[in-house]
Amino acid sequence: MTIKQFACLALCLVTCFGDLATFGFLLSWRDRAATPSRRRARLLRGVVPGAVVLGALLLTALVQAMLRWSEQ
């Protein structure tokens, strides 16, 4: 395992855990709204776009890790 592969793997793991923690925060933030209409607004304006961004980051990290490992 080269340093480049190890660094990419470590970055991928940190990104995955960070994405999960952020997604958990977004869901708990939505649940803390006072009314059901406010929860729905938070879901549509905050959680869904945030989940799309987090999913894209997660997919990018995993693809980069696979590309680094395939260089062997």
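FYI, it's all coordinate maths here, none of it is from the lab. Since the structure is predicted, the reported quantities are computational estimates derived from the model, not experimental observations. With ideal geometry, Cβ positions are generated from the backbone for all residues, glycine too; neighbour counts draw on all protein chains shown.
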The answer for trypsin sites (Lys or Arg not before Pro) in segment 17-72 that fall in a DSSP coil and have at most 13 neighbouring Cβ atoms within 10 Å is R32
Reviewing [x] 1.06; [y] 0.93; [z] 1.19, the figure for Rg/Rh (Cα atoms, Kirkwood Rh) actually calculated from this model sits under [z]
Projected onto the charge dipole of segment 3-69 (unit charges on the beta-carbon of Lys, Arg, Asp and Glu, signs +1, +1, -1, -1), the Cα from L57, A10, S28 with the largest positive-side position is that of S28
Note on segment 3-69: contact order normalised by length, alpha-carbon pairs under 8 Å, 6 or more apart, percent, works out to 53
Rounded to the nearest 10 degrees, the helix 48-69 long axis (Cα) sits at an angle to the longest Cα principal axis of the chain of 10
